[in-house]
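The values are calculated or read from the model by the stated rules, or taken from the named source; none is laboratory data. All values reported here derive from a predicted model rather than from experimental measurement. Backbone-built Cβ (ideal geometry, glycine too); neighbour counts: all protein chains shown. When the accessible area is computed, the model is the full protein with side chains, heavy atoms only, and any ligands, DNA or RNA have been set aside. Shrake-Rupley method; radii C 1.70, N 1.55, O 1.52, S 1.80 Å.
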Amino acid sequence: MKKYLGNKAMILALIAPTMILICVMVLYPLVILFTKSFTEWDGLNPSTFKGMDNYIRLFKDPIFYTGLQNGIIFALVQTCIQIPVATLLAFAVKDSGRFEKKFFRITYYLPAVLSITVVAQLWLSMYNAEYGLINKIFELMGLEYRQNWLGDGDSGIVAIAIVNTWQFTGYQFILLLSAANSIPEHYFEAAQIDGCSKFKAHLRITLPLMQESYKYCLIIAITGGLNAFATMNIMTGGGPGTSTYTLTYLMYRSAFKVGNYGYGCASAIMLVVQCLIVSIIINKAVARERIIY
Amino acid sequence: MTLQHHHRKHFTVGTVFFKFVLYIYAVVNLYPIIWMLFYSFKDNMEIFTTNPFGPPQTLRFENYVKAWETFNLPVYFMNSVKVTAAVIVFVIAFSTMFAYATARMRFRGQTFLRVLTMIGLFLPLQCIMIPIAVLVRDLHINNTLWAVIVPYTAFNLSFSIMVLYGYMRSLPFELEESACLDGASIWTCFLRIIVPNVKSAIATVAIFVFMSVWNEYNLALILLTRDELKTLPLGLLFFQGEYTTDWGAMGATMVIASIPTVLVYTLFSAQVEKAMTVSGAVKG
Amino acid sequence: MKKILAFLLAAVMLLSLAACGSEPAEEETPAPAESEAPSGEEPSGEEPSGEGEHEPVTLRVYVRYSDDDTILPYDYAVECLAEDMPWVTLELDPMPADDGVKLKSMVATGDMPDIFAVGSVDILDSMIEAGAVQDLTEEVTANGFVEKVLPAAYSKFYDEDGKIYTLPYTGTEVGLLFVNKTIFEENSVEIPRTIEEWIAAAETFSAAGITTLPIFGKEQWICNALYDALVTRYIPDGLSSLHDGSHSIREEGYLKAAQDLEALAAAGAFPDGVTTLNYEQATNLWYNGQAAMFLNGQWEIPTTEQYLGDAADWIPIPAASEEEYETSQHAFIGGTGTPAGLSVCTWSENYDVAIDVACYLAEKYAEYNYTQRGSTTIAVRCDKPMEVEQSAMNAKLSEAIQEATSTTVMAGSGTNTELYTVLGEGTQSLLAGVMTAEDFIESIALVTGD
């Protein structure tokens, strides 16, 4: 058996295509990014080596800390809402009737199918301080809570994070649903004999068995949050001022608006390191043991 | 039996409320599509000021006419189809193979390699676009559709491997053991036993890859400079001016671009359902 | 390079095939022989520079080509080109608002269009260094374009060292503060002559539920333009002089202008959520007569007139004090540029043709704006008569600009792109009220090193 699963030629054949593509298209650009992060570069012409200058500047740059903080807020909002909601939806749909199953499965995923442009545009109208639906709802509820959701430095980032969270909850929902569906029925039968309610059965049986799926759901939610760019690019353009910048935004700003590509590379490297650490921690902490069913 | 009956009755109010919430949430999720449809028939004035949420006051079909006439929609559409199809095939093939090797076979450094592939998940695209463009030229695949197929495949592998790895890790080892005893080669074992067992995961991944490739804009913008190679999202460019944007025509383009995604998802999710019942039956 | 050549050849062949397609089918077979004909003809008599020598050329043109403002003039130019240079075919590729990302990557890969628009000094400098563009002085002198460029566009035409890299197709336009006179009359508010009156007017309008100035603050350049307008009341050079260091951000005028901006924001001059307000939303308010004032470049005149007619006018930017009204009323914002316009790629296979075509496009672009839109702020001289009646606001501007005492580079752009970016972020923060005037000055000082 050991020989069977340790077949060198076979392993090589299986991993080669992926490794070639990853090396050429992911790791090689990463190496460029890394080397250029120590230089002054305009993105086109030969660069000049500057040592740690970019990194030293980065740690003094207030926008770096804004970006870092916003990335963390974004990741937190995304993770704390998406994972529980997606779990709840997945369990509910799993236990629904045939028609409902189909209906929910399609509708819950729909926002993720649409392009970010559409969704961001819709939410811009919803958040609009003058005629937006959200302020109207508060008005209807008789609350004097008119808010300038996106124009305010503090609420802006949360408001944007919620849009992204909502759009891609369907994503997590589908992942968790197919994970829940692939758990063999006999586990539930056993639970039923024990007299568990459905909810309890899920809590005690399904959830622990789905750890492997939670692992990648978590990684997607967190790294996606730290990396956020597209939604705020459309909704606020990073504004007002720099208040909804993320590290990705800082990188874009440095590389293309300010024309300092090397500095942009340095913030990109910080971002990759951050995401890598998070992923490794999740990998180590969640589903350490193989769960086999 | 009686106990169960009692149970159900006890939870009726809660269950009904929960169902209600589920339906409300479904409606909330349906609205953007409807909104986009409304939007595609409006002009800028209606979209932004007079009527941002309701149905259009007059149906402006000219938005669709404009979308159809301004750029070569059939060509863009076919390019999107070709690129998406190719990427899905490559991603599924390569990631299944890689996930199998790292999840079930044994060799030194398998965790390291797997973590390495994960970098593709969070490599900030905006910063590597120029290096990628240069790379694509050096590989002599510029000015062909391969210019986007290759990078798309690479960037979608990470996610796909992560999901498939998770599924493969949960399969019992007896699968290989019995295959080994039966004298099947490991390749046969992979294709005939493992792949059918992760069918539903493959279908899920295929849907995700489809969505991400179909809607991709940034890389396509940089890498496809010839009109005859452009993909559908690039059609939006024709309506975004320096100072003004024709949002209605953009809406029409987005509706046209979204129809296939909605269709594919609706059809595919039925397939996923089927695939799962089959694999469930095998396991059960 | 080979691939590009092969592609160009293929494109030419495709085009000639397409041309054949419109002819009767029988003629399709002799077509290849025909295409060989010119080379055979050459030695037989005609001069090398003669008409018969023009081989069909396809040029890729990468420009802003996405709304009526840009599509109409280019379509006009292409139409004219089909008559004047029928052997040239243009492939127009629309340029997105992507901060030059695509242009940069095209330079990096060498897969450049033949003609492209460039607006940022930063990218232009990189391209000159990379050898993608070079001095065009010789060529544009030879083809007579130099003499056609109007002095008002020289700042866009000549680089700091006097070289020519860009062929301007629009003039150096000024920013204007528009007013809706009807709204002022209805609310019995005087049109402000001083900043103080402006703030008071904003308070009155705000109380009446009317938007004073719907600025499309999602775009940072217009936030800069407004700040620039206020700065010119104290320092006529506005933000331009920060770039070359001839003025320091620590000068009192900059702080005062920032405080004025703060005061305007506090008086409710701008709509809620101004920093997410896009151009469409802002102009909807303005065109519908729901806003008292508007700020934009002079290109806003035709549409404004179309919607508001005589009710609209533009006014001098309110002065710092009543005494200074006379002296500062002719200090304009905008009106000076940095090198910008069409450029030609050095690596073009048809470099010389491309230069001629680029000059031609710039000329026709200006011609369209002059003859069809009645704009007098154009870059290239136009001898044809104006086909539309010049509007009142345009006529007033043509006169006023003669008396201009000072101009600025539009919206604080210039050679220091970092300064421009930080200014944009800062002025937007001031508008949103998330930054104080003092902090704003400090954030700029960090960049300028004052």
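Quick notes on this one:
- Set side by side, the residues B:90, B:17 differ, and just one is open to solvent by 60 Å² or more (accessible area, probe 1.4 Å), free of Cβ contacts under 8 Å to residues at least 24 places away in the same chain and not hydroxyl-bearing (Ser, Thr, Tyr), which is B:17.
- Whenever a residue of the stretch C:372-392 is small (Gly, Ala, Ser), its partners that are surrounded by 15 or more Cβ atoms within 10 Å (Cβ to Cβ) and not in a loop (DSSP other than H, G, I, E, B), lying with C-beta atoms within less than 6 angstrom and at least six residues away or across chains, give the pairs C:374/C:394; C:375/C:369; C:379/C:153; C:379/C:366; C:391/C:305.
- Filtering the stretch C:272-293 to residues that are surrounded by fewer than 24 Cβ atoms within 10 Å (Cβ to Cβ) and either without any contact (Cβ under 8 Å) to a residue 12 or more places away in the chain or not in a helix (DSSP H, G or I) (or both) leaves C:272, C:278, C:280, C:284, C:288, C:289, C:290.
- Whether a residue is more than 29 Å from residue C:411 (Cβ to Cβ) and either at pLDDT 95 or above or in contact with a Gly (Cβ under 8 Å, 6 or more places away or on another chain) (or both) was assessed, and residue C:122 does not pass this test.
- Residue B:261 being modelled with pLDDT under 90, closer than 30 Å to residue B:48 by Cβ and open to solvent by less than 10 Å² (accessible area, probe 1.4 Å): yes
- Being within 30 Å of residue C:306 (Cβ to Cβ), polar (S, T, N, Q), touching a residue at least 12 places away in the same chain (Cβ under 8 Å) and in the same structural domain as residue C:217 (by TED's automatic domain parsing) is not true of residue C:415.
- If you filter the stretch A:44-84 down to residues that are part of a loop (DSSP other than H, G, I, E, B) and open to solvent by 70 Å² or more (accessible area, probe 1.4 Å), you find that the one that is nearest to residue C:125 (Cα to Cα) is A:46.
- Residue tally, condition in a helix (DSSP H, G or I) and β-branched (Val, Ile, Thr), over the stretch C:317-353: 2
- Of residues in the stretch A:200-217 being within 11 Å of chain B (Cβ to nearest Cβ) and touching a residue at least 40 places away in the same chain (Cβ under 8 Å), the one most open to solvent (accessible area, probe 1.4 Å): A:211
Rundown of residues vs (1) of a type in the set (A, V, I, L, M); (2) at positive phi; (3) modelled with pLDDT of 80 or more; (4) not in a helix (DSSP H, G or I), yes/no style:
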| position | (1), (2), (3), (4) |
| --- | --- |
| A:191 | yes, no, no, no |
| A:201 | yes, no, no, no |
| A:217 | no, no, yes, no |
| A:223 | no, no, yes, no |
| A:234 | yes, no, yes, no |
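Matching residues to (1) over 16 Å from the mean Cα position of the chain (by Cα); (2) within 11 Å of another protein chain (Cβ to nearest Cβ):
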site	(1), (2)
A:49	yes, no
A:54	yes, no
A:61	yes, yes
A:72	no, no
A:89	yes, yes
A:100	yes, yes
A:107	yes, yes
A:130	yes, yes
A:140	yes, no
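- Filtering the stretch A:183-225 to residues that are of a type in the set (Lys, Arg) and over 29 Å from residue A:271 (Cα atoms) leaves A:198, A:200, A:204.
- The set of residues in the stretch C:437-447 that are within 12 Å of residue A:241 (Cα to Cα) and either in contact with a Pro (Cβ under 7 Å, 6 or more places away or on another chain) or open to solvent by 10 Å² or more (accessible area, probe 1.4 Å) (or both) contains only C:443.
- When residues in the stretch C:194-208 are screened for being polar (S, T, N, Q) and part of a helix (DSSP H, G or I), 2 of them pass.
- Only one entry in C:343, C:406, C:429, C:348 is over 18 Å from the mean Cα position of the chain (by Cα) and more than 30 Å from residue C:248 (Cα to Cα), namely C:348.
- Residue B:42 falls short on exactly one of the conditions (1) open to solvent by 10 Å² or more (accessible area, probe 1.4 Å); (2) among the charged types (D, E, K, R); (3) under 18 Å from residue B:250 (Cα atoms), and that condition is (1).
- Any helices (runs of 4 or more DSSP H) falling wholly within the stretch A:94-176 and containing at least 2 residues that are crowded, with 20+ Cβ neighbours inside 10 Å and of a type in the set (Asp, Glu): none
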